[in-house]
1. So is residue 176 open to solvent by less than 40 Å² (accessible area, probe 1.4 Å) and at pLDDT below 85 or not?
2. Please indicate, with yes or no, whether at least one residue in the stretch 33-49 is of a type in the set (A, V, I, L, M), open to solvent by less than 50 Å² (accessible area, probe 1.4 Å) and in contact (Cβ under 8 Å) with a residue 60 or more places away in the chain.
3. Can you tell me which residue in the stretch 198-222 is nearest to residue 146 (Cα to Cα), limited to those that are open to solvent by 70 Å² or more (accessible area, probe 1.4 Å) and not in a helix (DSSP H, G or I)?
4. Name the residues in the stretch 74-91 that are free of Cβ contacts under 8 Å to residues at least 40 places away in the same chain and among the polar types (S, T, N, Q), would you?
5. Only one of these is in a strand (DSSP E or B) and open to solvent by less than 20 Å² (accessible area, probe 1.4 Å): 57, 3, 29. Name it.
6. For the stretch 188-208, indicate whether the set of residues that are more than 17 Å from residue 92 (Cβ to Cβ) and modelled with pLDDT of 90 or more is non-empty.
7. Looking at (1) at pLDDT 95 or above; (2) closer than 27 Å to residue 152 by Cα, can you tell me which one residue 75 breaks?
8. Does the stretch 142-163 contain at least one residue that is buried (at least 17 other Cβ atoms within 10 Å of the Cβ), farther than 21 Å from residue 225 by Cβ and at pLDDT 85 or above?
Amino acid sequence: MRILIVEDEKHLAEGLKFNLETEGYEAEIAEDGEIAFRRLSEENFDAVVLDVMLPKIDGFTLAARLRQSENFVPILMLTALGKSEDVLKGFASGADDYLPKPFDLSIFLARLKGLLRRREWLKREMSRTSEIVTVNGRTIDFDSLEIRHENKVVRLTLMEAKFLRYLIENEGKVVSRKMILEEVWGLCEDTDTRAIDNFIVRLRKYLEDEPNKPKFLQTVRGVGYRFVNEG
């Protein structure tokens, strides 16, 4: 498997490359976000190990650009920014996993191996309740991670799909921000962050005719959100 290491700290990047190659991976280093985006546009990689504090294009922006360009390569973010707000910002930008620095090498390797397996596992997990759901004339396919409407297809990130499935499974119920943090992202810490709101904004664009006047993904002021499938 081919892994792209996006890290501007030379010693860390070379150390990761050495250990990945020892584990049997093929590894390449990109020292800034601009080079990484170009390499990921040119060739296929099985995963990206992505630092956040990078020259030219930071990790959050790079992850978001990859997802916008429909590149869904698995992303493991490595960063010294370890607060819950930073973790959620990483997920909101398109990361699949997030490992704060400093980290143990064995933990890093285990998380990477898990990430490479997790995409298929999450797709199966997300499709266990219902493979196809229809909302407002949109067909949500949790198996292929796609929303189809007329002749348009929107690709969901894993975290978008997981969040949307959680809301659908709790149809009609008000789910608090705390519940979402714990049950979607596995964060037990109470935190004030806009990342959840950013996810909701994107999901509304996918599902609502008028995202600024939502009917299906409703905000319950001061509490959380509620999914109502009026269709």
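1. Considered against the rule, which asks whether it is open to solvent by less than 40 Å² (accessible area, probe 1.4 Å) and at pLDDT below 85, residue 176 comes out as no.
2. yes
3. It comes out as 209.
4. Hit for the stretch 74-91 is 79, nothing else.
5. Just a single option satisfies the conditions, and that option is 3.
6. Yes.
7. It is condition (1) that residue 75 fails.
8. no
The values are calculated or read from the model by the stated rules, or taken from the named source; none is laboratory data. None of the values given here were measured: they were computed from a predicted structure. When we count neighbours, we look across all protein chains shown, and the Cβ atoms used for this are built from the backbone with ideal geometry, even at glycine. Side chains included, ligands, DNA and RNA excluded: accessible areas come from the protein's heavy atoms. Shrake-Rupley method; radii C 1.70, N 1.55, O 1.52, S 1.80 Å.
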